[in-house]
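The values are calculated or read from the model by the stated rules, or taken from the named source; none is laboratory data. Note that this is a predicted model, so its numbers are computed, not measured. Here the Cβ positions follow ideal geometry from the backbone for every residue, glycine too, while neighbour counts run over all protein chains shown. Ligands, DNA and RNA are excluded from the accessible area calculation, which covers all protein heavy atoms including side chains. Shrake-Rupley method; radii C 1.70, N 1.55, O 1.52, S 1.80 Å.
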Amino acid sequence: MPDDHGFYLAEPNGPARAGVVLVHDWYGQLPHIRTLADELAGAGLAALAVDLYGGRTTTDPGEAETLAGEMDRAAAPARLDEAVKTVKAHVDGGPVGVLGWSLGGMYAVGLATRGDVDAAALYYAAGDEDDAARIHCPVLLHLAETDEFDPPEFYEGFVAALRAAGTEVEVHAWPGTEHSFANRDVALHAPDAAAGAWAITVGFLRDRLAGAAPG
């Protein structure tokens, strides 16, 4: 259900005791994002997809880079804060997680460092060691085998710092994949790996959020 804020909210058939905020990659909120929100709702979670591009989307990497450069980065954290508050209102103050891909994953890290979420699922995105020290919720990380944007050492440092801080972290690296492999609408989509990662993601969010919800 879209609203005037550019949010798309998918709700379960029954009462939702936990929810998730979804943050798209640099291609914008392509159709698969809303499909994934619907699938999370089918798993019992209220799912709200945030549009950081004001409705603009592309499937071309060059155009995506342009869109990412033109977005209002200063306004994005406030939009995400609003999204978390919106979901919390729909789940009566229950647990809320965040799910982000690439660019969206970086903003998801920001939410997690502020203590605003109860679980974070990140696709080919991470923070630095200082970010990791401020994250205290469970983290799920999906990595591509070949990532043109960040070297393996970047992710390894983030994971090591999370573990050093005593934070629960689960990591999956997917052979034969490239950055954006989970995006169902672009050429780099790797269907088998994406499906496997998605099954793990749904289980992680359902267990860490709905499993921790009161009632």
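Here are the numbers for this structure:
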quantity: Segment 10-24 and segment 173-215: distance between their alpha carbon centers, rounded to Å; calculated: 16 Å
quantity: Within the accessible area of the chain (1.4 Å probe), percent carbon and sulfur; calculated: 51 percent
quantity: For peptides 150-156, 86-92, 62-68, sequence by mean Cβ density within 10 Å, most packed first; calculated: 86-92, 62-68, 150-156
quantity: Amide H partners (placed H, <5 Å) of V21, local residues excluded; calculated: L48, G97, V98, L99
quantity: Where segment 1-127 is the region considered: accessible area per residue in Å², 1.4 Å probe; calculated: 37 Å²
quantity: Under-5 Å amide H pairs with L140, H placed in peptide plane, nonlocal only; calculated: A120, A121, L122, E170
quantity: Amide H partners (placed H, <5 Å) of A173, local residues excluded; calculated: L143
quantity: Percent antiparallel among DSSP beta bridges (both partners in segment 1-140, rounded to 5); calculated: 25 percent
quantity: Net +/- balance of residues flanking G176 in space, Cβ distance below 12 Å, scoring K and R +1, D and E -1; calculated: -3
quantity: Phi to ³J(HN,Hα) by Karplus 6.51 cos²θ - 1.76 cosθ + 1.60 over segment 94-99, Hz, x for Gly, Pro; calculated: x, x, 10, x, 10, 10
